[in-house]
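Comments concern the structure below.
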Amino acid sequence: MDKRTARKLLTTERTRLSGILESLRSETAGGERDAEAFSDISLGDQHPADMGSEVFELEKGMSIRNNVEAELADLERAMHRLEEGTYGACEACGRKIPDPRLRAIPATRFCVEDQARAEREARIA
């Protein structure tokens, strides 16, 4: 994959994820304010199931936001690899990562085989 195409893919993905992150931040910011107000409210008039649902939704939103932030960090590292000239090479074996994989996952660091190996090792650990 040429550098111009790779940069376009990475930039497009960064823009998409940044939009999602902004949306999530605005949603969870409201939830965090609600959580602060929630702690000040008397718990006597709150049903435990309602409280549990609110806490679950808040934590789910924060978890999704953290995942999107991690994906953005991966994209930044991929942009750095692009500038270094190492973008598109598997970090484990050094072989060229196929273009279809880079198009599907622009920030990928590994070929399919090494990605599968890394995931297996992560599950074992």
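The values are calculated or read from the model by the stated rules, or taken from the named source; none is laboratory data. Here the structure is a predicted model, which is why all the values come from computation and not from measurement. Only protein heavy atoms, including side chains, enter the accessible area calculation; ligands, DNA and RNA are left aside. Shrake-Rupley method; radii C 1.70, N 1.55, O 1.52, S 1.80 Å.
Normalised by the residues of the chain, what does the relative contact order come to in percent, with Cα pairs under 8 Å and at least six apart?
Averaging sequence separation for qualifying contacts and normalising by length gives 30 percent for the chain.
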Which value, in Å² and to the nearest 10, is the accessible area of Ile124 when all protein chains are kept and the probe is 1.4 Å?
-> 140
Who wins for biggest fluctuation among Arg95, Arg109, Arg77 in a Gaussian network model of the chain, springs between alpha carbons below 10 Å?
-> Arg95
Gyration tensor verdict on segment 67-125 (Cα atoms; rounded if a/c is under 1.5, prolate if a/b is larger than b/c, oblate otherwise) | oblate
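Helix-only estimate, please: 222 nm mean residue ellipticity of the chain, summing -39500 (n - 2.57) across DSSP H runs of length 4 or more and dividing by its residues, to the nearest 500.
On the way: 4 runs with 94 residues, N = 125.
After summing the helix terms and dividing by residue count, I get -26500 deg cm²/dmol.
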Ranked by GNM mean-square fluctuation in the chain (Cα springs under 10 Å), the top entry among Asp50, Asp74, Asp99 is Asp50
To the nearest 10 square angstrom, what accessible area does Glu121 show with a 1.4 Å probe?
-> 110
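Could you calculate the contour length gain from Phe56 to Thr15, that is, 0.36 nm times the residue separation minus the distance between their Cα atoms, to one decimal place in nm? Show your work: numbers first, answer last.
Details: separation 41, 0.36 × 41 = 14.76 nm, distance 2.83 nm.
Using 0.36 nm per residue and subtracting the Cα-Cα distance, I get 11.9 nm.
Quote to one decimal, in nm, the extra length available between Ala116 and Arg95 on full extension: 0.36 nm per residue of separation minus the C-alpha distance between them.
On the way: separation 21, 0.36 × 21 = 7.56 nm, distance 1.51 nm.
Extending this stretch completely gives an extra 6.0 nm.
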